[in-house]
Amino acid sequence: MKKMLLAAAVMTLSFNGYAAQDPQAVYDRACGVCHNGQIPTAPKKGDKAAWEPRLAKGTDALVQSVTNGLNAMPPRGLCMDCTAEDYQAVIKLMTE
């Protein structure tokens, strides 16, 4: 029994730091509303030139901007159940 508990704990710890939600699904339901071109100040998914100055600030700063809101972007970027890891994964998806 102890071995099973230890194995479960190790597996749980190995998943920490990963997005709990599918980044594309989060983008489709929350981020794409603005980042698909509807809001001119929101950088489009895949627009490397638009994302470059934002990425220069660092991922932590971008996650902070999403969490707190920035300019026209509402707090949490319309994803109320996203974690910091989810935001990181979606930022990666949008900036590639």
Note, region 61-69: 3J(HN,Hα) by Karplus (6.51, -1.76, 1.60, θ = phi - 60°), whole Hz, Gly/Pro = x, goes 5, 5, 4, 4, 4, 5, 4, 8, x
Rounded to one decimal in nm, the spacing of the 7 Å Cα→Cβ label points at residue 61 and residue 96 is 2.4 nm
Note, region 88-93: 3J(HN,Hα) by Karplus (6.51, -1.76, 1.60, θ = phi - 60°), whole Hz, Gly/Pro = x, goes 4, 5, 5, 4, 4, 4
Residue by residue through region 31-45, the couplings from Karplus 6.51 cos²θ - 1.76 cosθ + 1.60 with θ = phi - 60°, in Hz, x for Gly and Pro, are 7, x, 3, 9, 8, 9, x, 5, 10, x, 8, 8, x, 6, 4
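The numbers here are math on the coordinates, done by the rules we state, and not lab data. What you see is a predicted model, and the numbers here were worked out from it, not measured in a lab. Here the Cβ is made from the backbone with ideal geometry for all residues, glycine too, and neighbour counts use every protein chain on show.
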